[in-house]
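Encoded as structure tokens, the structure appears first; notes follow it.
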Amino acid sequence: MNILFLQTLPLTGVSGDPVLNLLKGIIGAFIVFFIAFILILFALYVYLSVVYSKIGSKARLSSPGIAWMPFTGVLAVIFESSKMHWWPFLILIIGFSSGYILILSSFAIGSTMMTLATIILFATTAIFAIMTIVWHWKTYEAVGKPGWWILVPVISGILGLGLILIRVSVLGIIIAILGAVAHLVLIGIAAWSKSSSNQ
């Protein structure tokens, strides 16, 4: 590597090896990004736990504090609030278990099993995503809000993904982010506003 050439670039900083300075800058930016990412995730976790716990209280659940359970707490609240049947969880367990077993067996049997596993995992995820939307719809109604509010993030997410796929990436990402923010606002309204069924 020609160090003399690199020293003429505006990367050198005050002193030292320009490559080392560049590496330090990249590592520093990564650390800052990582810390910001962790803080945002933690803030989202706290916000969602508080909101869904409040929604669980408004829906008169016996244990709304389950919303604080990591990963599955929010799902448990919307499932219980919707007062629907438990069979989608059975589909989730069977679908994902059989999909992963087929993936493992594809190493011994061949690519046919991998294709089948992909189809099963995709179908299981699609069914569970649809049921999650239905549970949210019923949960909104249980706290006296319009069920169609859940369609705001769903439609914006689909629209955003469609724009990303046709290479209008920036607009697609913006629409998807706005849909996610709208969902956070709507669940906050559902949690803290007065509703006709709960006054």
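Just so it is clear, none of the values below were taken in a lab; they were calculated from the coordinates. In this text the structure is predicted, and so the values were computed from the model without any measurement. In this analysis, Cβ positions are derived from the backbone assuming ideal geometry, glycine residues included, and neighbour counts consider all displayed protein chains.
Here are the numbers for this structure:
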{"quantity": "Cα-only Debye scattering, segment 81-142: base-10 log of I(q)/I(0) at q = 0.20, 0.24, 0.27 Å⁻¹", "calculated": "-0.72, -0.88, -1.01"}
{"quantity": "Listed residues THR112, THR72, THR139, most fluctuating in the chain (Gaussian network, C-alpha, under 10 Å)", "calculated": "THR112"}
{"quantity": "Most mobile of ILE130, ILE120, ILE26 in a GNM of the chain (Cα contacts under 10 Å)", "calculated": "ILE26"}
{"quantity": "Under 24 Å from LYS194, Cα to Cα: lysines that are on another chain or at least 8 residues apart", "calculated": "LYS54, LYS58, LYS83, LYS138, LYS145"}
{"quantity": "Gaussian network model of the chain, Cα within-10 Å springs - most flexible of TRP137, TRP149, TRP87", "calculated": "TRP87"}
{"quantity": "Charge dipole (the chain, unit charges on Cβ, about Cα centre) - positive-most of SER49, ILE31, SER82", "calculated": "SER82"}
{"quantity": "Fraction of alpha-carbon pairs over 18 Å apart in segment 143-193 - percent", "calculated": "35"}
{"quantity": "Whole-number Å³ per residue for the convex hull built on Cα positions in the chain", "calculated": "208"}
{"quantity": "Neighbour count of at most 16 Cβ within 10 Å plus DSSP loop: longest trypsin sites (Lys or Arg not before Pro)-free window in the chain", "calculated": "84-166"}
